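No lab work stands behind these numbers, since they all come straight from the coordinates. Only a predicted model underlies this, so the values are computations on that prediction, with no experimental measurement involved. Here the Cβ is made from the backbone with ideal geometry for all residues, glycine too, and neighbour counts use every protein chain on show.
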């Protein structure tokens, strides 16, 4: 399939959905992916909605304010942010020395493959554990002070057991229904990367096969 990706601002998303309501298409909403799916004759296309748009009973609530937490975690760095609508209310960047200099691999990967740990490795591992304790301590405060609609989340798979197995417990579990796994590759999560991810999440994205839905190109070009 020749998939096209077309990005829309919030107003463009609302106008596009209104146009699709006038078309002869089925419609469904996937909360986990925060996406509307439109289809006909066994084919469908996806509209990834802006995180700032709420959906209730398959209807978009454009006037509702969405508050969400963003958590981005990679080896050695993490960003935590609290967002309401388009505003970043609070943010924090965490870093830890988790990489073995000569080999360039993370201490966690080294322990998984080698099993044994020398003095330097033990220091890196201790810093790794403290890294996740600090992240979770920050998360606990945010969850005490806020009611979040969604948790925008990106975490390297190898780090997940350390995040959710930390001595300081994560204030949500892996299966929390509010989790929205960010569908975009993540670079080392500093503040600028987090704001770039926010801009991505605030946009809508139409993903479609232009051979199956050729009419969408003309509609989208006018939004």
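Is region 130-182 best put as rounded, prolate or oblate by its Cα gyration tensor, with a ≥ b ≥ c the root eigenvalues, rounded for a/c under 1.5, and otherwise prolate when a/b is larger than b/c, oblate when not?
Verdict is oblate for region 130-182.
Can you sort 70, 197, 20, 160 by how many other beta carbons sit within 10 Å, fewest first?
Sorted ascending by nearby Cβ count, the order is 160, 20, 197, 70.
What full-extension length gain, to one decimal in nm, is calculated for residue 137 and residue 37 as 0.36 nm per residue of separation minus the Cα-Cα distance?
So the chain would gain 32.2 nm between residue 137 and residue 37.
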